[in-house]
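Worksheet: one structure, shown below.
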Amino acid sequence: AQRVGNTSPGSPNTLTRITTNTGVDSVTRDRIVLDYDYMPDAAWFDRLSTKLYTQKQSTDNQNWQLRTNTSASCSASTVGTANCSVDQRFKYEQTHSGLNLVQEKSFTLGLPQQAIWGADFLRSETEESKTTTWTNLATGVSSNVFIGETFPKADYPRGHTDQLGLFVQDEIADKVIAMLRGA
């Protein structure tokens, strides 16, 4: 259906009592990374690389509505004589923190090779919340119970996920592969 303002033609709940609907959205991302490479003169490895990092991303959505001729509880689908404001805020935040370790060693075991091994640890933390408050502009009555739900609330609990990856790889130089193929 074609949308005109806050209404859908032919819809039984056109929400025409929402006369103003404005919002502000923002996204922020902060990242910190510490890198370190160590290349000793003589050791059982040629290079050790480490990386420690954290990143936080936040999404914040704020909405304000003016509703006219609504019910006393500010329902946009029920006719009444009340005018009210509805303030809503939705926040979503995710943080990733991790540590990466990689070691390298070149050697000859029949053929020139480079062994690389390492580990990667990542923790992801997620949190979201919703708040809604409506205010009857004539009486000043305000509530955080809106359309049968009590705010603040979250659709899922705050949580985290841990990931651990380990790897080992052995590379044979391109020249050696080309020699073996007869190129």
Original post:
Has the range 152-174 got at least one residue that is assigned to a strand (DSSP E or B) and free of Cβ contacts under 8 Å to residues at least 24 places away in the same chain?
Top reply: no
**OP:** Just name the residue that is farthest from residue 64 (Cα to Cα) out of those in the range 118-164 that are surrounded by 12 or more Cβ atoms within 10 Å (Cβ to Cβ) and touching a Leu at 6+ places or on another chain (Cβ under 6 Å).
**Re:** 118
Subject >> Residue tally, condition open to solvent by less than 50 Å² (accessible area, probe 1.4 Å) and hydrophobic (A, V, I, L, M, F, W, C), over the range 28-43 >> reply: 1
Original post:
Looking at the range 71-122, which of its residues are free of Cβ contacts under 8 Å to residues at least 40 places away in the same chain and under 30 Å from residue 51 (Cβ atoms)?
Top reply: 91, 92, 93, 94, 107, 108, 109
Subject >> Of all residues in the range 44-103 being farther than 30 Å from residue 141 by Cβ, open to solvent by 70 Å² or more (accessible area, probe 1.4 Å) and charged (D, E, K, R), the one that is modelled with the lowest pLDDT >> reply: 47
Original post:
Which residue pairs have Cβ atoms under 7 Å apart, sit 6 or more places apart or on different chains, and have a first residue in the range 136-147 that is at negative phi and a second that is modelled with pLDDT under 90?
Top reply: 136/72; 136/74; 136/82; 138/82
Subject >> Subset of the range 160-170 [at pLDDT 95 or above and either within 14 Å of the chain's Cα centre (by Cα) or among the charged types (D, E, K, R) (or both)] >> reply: 160, 161, 162
Original post:
If you go through the range 63-83 one residue at a time, do you hit one that is in contact with a His (Cβ under 9 Å, 6 or more places away or on another chain) and not acidic (Asp, Glu)?
Top reply: no
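The values are calculated or read from the model by the stated rules, or taken from the named source; none is laboratory data. A quick note: this is a predicted structure, and the numbers were derived from the prediction, not measured. Cβ sites come from the backbone with ideal geometry, for glycine too, and all protein chains shown count toward neighbours. Areas reflect the complete protein model, heavy atoms only, side chains present, ligands, DNA and RNA absent. Shrake-Rupley method; radii C 1.70, N 1.55, O 1.52, S 1.80 Å.
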